[in-house]
Amino acid sequence: MIKFIGAAGVAASLLLSSPVASAQSVDGVRLRPLLGIGYGWGGDNLQDVTLVTVGTNVRYEERVQAGSGIDLRAGLELAFGRSPFSMQIAVAYQGDGVGGLDNEAVEFRRIPVELVGHWRVSPQFRIGFGVRKAAYASLRFNEGACTKLLSDGSARCSGDFRFRSNLGLILESEYELTPNWGLRARYVAETYQPTRARFGEEFDVDKSLKFRGDHFGILSVWYLR
């Protein structure tokens, strides 16, 4: 899986940085790069963070969730002549984080690789179904933020939890405002399981725990041609 992610990322980077990065057509098959940015909402709560306004006693609660956060992506689309069907492969970065003025910060990061097939229902609208696998998922704490999720019940700061994801499912729709720009709404279903914790030293984690990363998302996607 890691080799696949690395190869996909390198391929996307080389293609997008190439001076000829544009739609290519060979015997009715068209290949074009894409870039996207968006945001997701949802998922189980991974960590509560209490922030205190500097110079006051005002406190407020924030949370880091397994499905929320910014979505940045690059990929390739393969279309088949006049066929209403097409396919996309994309590598994304997703992260949800909370940071305060007293140097407390918690962030959940992951790098999903997605494969999605689309069916064009009308000239401007299409629906898609696909799968994804999120790699390098981690919940990170800096020196100002602490966790009590360790198996021994102790509070530790400056470290991280690593997670393994299941194979996620994707259902999405896209409306093309122009031939090169589309707005996409999607739903993703996936889960994460902790595999280890490192806070200066290794700690045991309950590997039977499961956190749902199910979320809704909105993306703006640009096709380079």
**Item:** Hits in the stretch 186-225 - residues which are among the small types (Gly, Ala, Ser) and touching a residue at least 60 places away in the same chain (Cβ under 8 Å)
**Value:** 213, 217, 220
**Prompt:** Quick check: anything in the stretch 120-129 at pLDDT 95 or above, of a type in the set (A, V, I, L, M) and part of a loop (DSSP other than H, G, I, E, B)?
**Reply:** yes
**Request:** Scan the stretch 106-121 and report the pairs whose first residue is under 20 Å from residue 166 (Cα atoms) and among the aromatic types (Phe, Trp, Tyr) and whose second residue is open to solvent by 10 Å² or more (accessible area, probe 1.4 Å) and assigned to a strand (DSSP E or B), with Cβ atoms within less than 6 Å and a gap of 6+ or a chain change.
**Result:** 108/46; 108/96
**Message:** Condition first: in contact (Cβ under 8 Å) with a residue 24 or more places away in the chain, more than 23 Å from residue 139 (Cα to Cα) and in a loop (DSSP other than H, G, I, E, B). Now tell me which residues in the stretch 62-97 satisfy that.
**Reply:** 81, 82, 84
**Candidate set from the stretch 208-225 (those that are assigned to a loop (DSSP other than H, G, I, E, B) and hydrophobic (A, V, I, L, M, F, W, C)); member that is farthest from residue 163 (Cα to Cα)** = 224
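Yes or no, residue by residue, for (1) polar (S, T, N, Q); (2) open to solvent by 30 Å² or more (accessible area, probe 1.4 Å); (3) modelled with pLDDT of 95 or more:
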site	(1), (2), (3)
22	yes, yes, no
79	no, no, no
98	no, no, no
112	no, no, yes
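The values are calculated or read from the model by the stated rules, or taken from the named source; none is laboratory data. In this text the structure is predicted, and so the values were computed from the model without any measurement. When we count neighbours, we look across all protein chains shown, and the Cβ atoms used for this are built from the backbone with ideal geometry, even at glycine. These accessible areas exclude ligands, DNA and RNA; they are computed on the full protein's heavy atoms, side chains included. Shrake-Rupley method; radii C 1.70, N 1.55, O 1.52, S 1.80 Å.
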